[in-house]
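So the structure is just underneath, and the comments pick up after that.
The values are calculated or read from the model by the stated rules, or taken from the named source; none is laboratory data. No experiment lies behind these values; they were computed from the predicted model shown. Every residue, glycine as well, gets a Cβ built from its backbone with ideal geometry; the counts of neighbours run over all protein chains shown.
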Amino acid sequence: MDFNTILVFIVLAFILVSLYKEIVGPAFTFIIAIGTLGVFGILSPKEILSGFANENVMIIILLLLLGDIIRRNSVIELIFDLVFKKATSYKKFMFQMMSLVAAFSAFLNNTPLVAVMMPYVNSWSKKTGIAQSKLLIPLSYAAILGGTVTIIGTSTNLIVKGMVEDQMIIKDLPMLHFFEFAWVGIPMVIIGFVYMLTVGHRLLPSNCKTKDEKEKSNRKYTVEAQIRPDSNLVWKTVEEAELRDLPGLFLVEIIRNDIDLVAVTPETVLAANDILVFAGDTETIADFVNNNSELIFPQVGMLKKKKHTEMVEVVISHNSTLINKTVKEANFRSKYDAAIIAIHRNGEKLRGKIGEIKFKAGDALLLFAGEDLTNRADIYDFYFISKIKDLSEIKPYKSIILLGGTALAIALSALHILPLFHGLTILFILILSLGIASPKDLHKSIDFNLAIIIVLSLALGIAMRKTGVAQMIGQEFINIMMPLGLIGIMFGIYFITAILASFITNLASVAIMFPISLSVALDMGWNPTPFVLIVAFASAANFMTPIGYQTNLMVYGPGGYKFKDYFRVGFPLTILYMIVAVTILYNLYFVYNWQT
């Protein structure tokens, strides 16, 4: 064993330990590892940087950008609103949620999908009293399951495709086609859904809110809404108007002709121009203001006609010029290009019209703001807490171009008419030309760490092949697993890859296991395609830990989960996936000799 081979083994060990212990972070781990191989001459600069010329790396970046543009334009949110409107039970909501997310995830990056869906889960759980922890892991799993159906459903599949194409120059490997993954992906979506709806949901914890979440949810705002003269609510009782049990909102009082009707009962009859005073949390109020057509929000006025508005939360500073002034006295709307929707004052019940309440230091305000707010606001008047919701007007043509263009680019690629890279490039030219997205903002949506990991993972594979490390490990693996036969080796590769992916991320496991799996197949004279696909499925179908896949990590905190929760629910699903994937691939490629 020469020095170069020993060094590659040392670098592999460093990558495993660093990623598992989170010593310096994934991207920097690969920079150190590949940099070391470059310094000692194992990899040339051209080999290290060759991943940047890989078409699939650019496709991943373009899909990430596209997914973020779709999310920021609220296109998917409109679809969610329609789908979940009639979800009345836990299992029905979970099935609809998982079905929709899995369908989108097969063609779009799953990270923004989960990010968009999480507020809906939060809102629905508040409405029904069902803990978010009963829904967030299923949400992440649906995105993972859907992503394994197509070659573009997850970055893992695209990286494997890129590695295969790199090797096609050296070895006579068959190309992976668009729906190559569907043979396993589609059955596993169905099996995964059945598992979660029958067994998995019983294993999920029902976590109460943390102390911080309870304090946040207790920050109730008061908001005023006036009944339109032509509203369908006129002459209905509060109960008939369905204003008594609004999710996350409570009808505190009704103001009629400047007289407070404090004792609001379900039998109270509503009249035209009544001012209804509600108490609720930030996200619920934002949705209420944006979607309710039966009510007028006097504070908003003409602001709602602006092309770009947003709901933001601010707090009045102790040396603000607003203190002891009312909204009118402060000339708030014209000064800040914003309207005060609701006010929170340390749990105190605020009665009367918002325009007549005098500001105090520490008051939290929910603002319906135009795009000039940040330019007009004096830093001494209030501090920004967070942006609650972007309320930009959604043009129909944007939805058609974004969703229709994406579907067309994918269809043309699947039919081998136009490469996906060219289709996405044309779509981006159209998006930028029509002003749907700004070129200045595109870089904000690029995950540079992910791009570095992908490119350097390809370089690691080159080093393992050049030094013979992949072949050495593969041969040793064959010697150990040979008594179990071909199908035993397939199970072994899947299990080891799945364990690595659970603890050192899916991309790192692909970088390590792809050259090993390929060497095993070629050395034994077997069809390499199923061995390549096993690595892809085992890396992408990552259910056992929160750190193995980004969507698992996204729901970890909001769900109040523990590490063991993922293992309890995800381990049986991982075993199911392994059995189904290996069984299908073995029969498809070795029993029936299906050719790609």
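Return the residues of the stretch 323-335 that are aliphatic (A, V, I, L, M) and either within 15 Å of Leu367 (Cα to Cα) or not assigned by TED's automatic domain parsing to the domain that holds Leu365 (or both); say none if nothing qualifies.
Val327, Ala330
Going residue by residue through the stretch 492-500, is there one that turns out to be out of contact with any Pro (no Cβ under 9 Å at 6 or more places or on another chain) and free of Cβ contacts under 8 Å to residues at least 12 places away in the same chain?
Scanning the stretch 492-500 turns up at least one residue that is out of contact with any Pro (no Cβ under 9 Å at 6 or more places or on another chain) and free of Cβ contacts under 8 Å to residues at least 12 places away in the same chain.
Given the criterion over 31 Å from the mean Cα position of the chain (by Cα), crowded, with 19+ Cβ neighbours inside 10 Å and at negative phi, identify the matching residue among Ile487, Ile480, Ile493, Ile473.
Exactly one of Ile487, Ile480, Ile493, Ile473 is over 31 Å from the mean Cα position of the chain (by Cα), crowded, with 19+ Cβ neighbours inside 10 Å and at negative phi, namely Ile473.
Hey, Ala115 hits all of (1) at pLDDT 75 or above; (2) in a helix (DSSP H, G or I) but one; which does it fall short on?
(1)
Would you check which residues across the stretch 308-320 are surrounded by 14 or more Cβ atoms within 10 Å (Cβ to Cβ) and either touching a Pro at 6+ places or on another chain (Cβ under 8 Å) or part of a loop (DSSP other than H, G, I, E, B) (or both) and list them?
Scanning the stretch 308-320 gives Ser317, Ser320.
Output the qualifying pairs, or none if there are none: Cβ atoms under 7 angstrom, residues six or more apart or on different chains, first residue in the stretch 355-383 and outside the structural domain of Leu322 (by TED's automatic domain parsing), second residue modelled with pLDDT under 80 and part of a loop (DSSP other than H, G, I, E, B).
As it stands, the answer is none, since no pair meets every condition given.
In the stretch 88-100, what residues are closer than 17 Å to His201 by Cα and either in contact with a Phe, Trp or Tyr (Cβ under 8 Å, 6 or more places away or on another chain) or surrounded by 12 or more Cβ atoms within 10 Å (Cβ to Cβ) (or both)?
Passing the criteria: Tyr90, Lys91, Lys92, Phe93, Met94, Phe95, Gln96, Met97, Met98, Ser99.
Filter the stretch 230-274 down to residues that are touching a helix residue (DSSP H, G or I) at 6+ places or on another chain (Cβ under 7 Å) and either modelled with pLDDT of 85 or more or buried (at least 18 other Cβ atoms within 10 Å of the Cβ) (or both), then give me how many there are.
Selection size over the stretch 230-274: 2.
Would you call Ala536 within 30 Å of Lys466 (Cβ to Cβ), in contact (Cβ under 8 Å) with a residue 12 or more places away in the chain and either touching a His at 6+ places or on another chain (Cβ under 9 Å) or not β-branched (Val, Ile, Thr) (or both)?
Yes: the conditions hold for Ala536.
Taking helices (runs of 4 or more DSSP H) that fall entirely within the stretch 1-64, which contain at least 1 residues that are small (Gly, Ala, Ser) and either without any contact (Cβ under 8 Å) to a residue 40 or more places away in the chain or surrounded by fewer than 13 Cβ atoms within 10 Å (Cβ to Cβ) (or both)?
3-21, 26-39
Taking Ile340 as the residue in question, decide whether it is modelled with pLDDT of 80 or more and not polar (S, T, N, Q).
Considered against the rule, which asks whether it is modelled with pLDDT of 80 or more and not polar (S, T, N, Q), Ile340 comes out as yes.
Restricting attention to the stretch 562-579, report how many residues are surrounded by fewer than 21 Cβ atoms within 10 Å (Cβ to Cβ) and either of a type in the set (S, T, N, Q) or modelled with pLDDT of 75 or more (or both).
Within the stretch 562-579, residues that are surrounded by fewer than 21 Cβ atoms within 10 Å (Cβ to Cβ) and either of a type in the set (S, T, N, Q) or modelled with pLDDT of 75 or more (or both) number 11.
Of the conditions (1) in a helix (DSSP H, G or I); (2) touching a helix residue (DSSP H, G or I) at 6+ places or on another chain (Cβ under 8 Å); (3) at pLDDT below 85, Ser99 clears all except one; give me its number.
All conditions are met except number (3).
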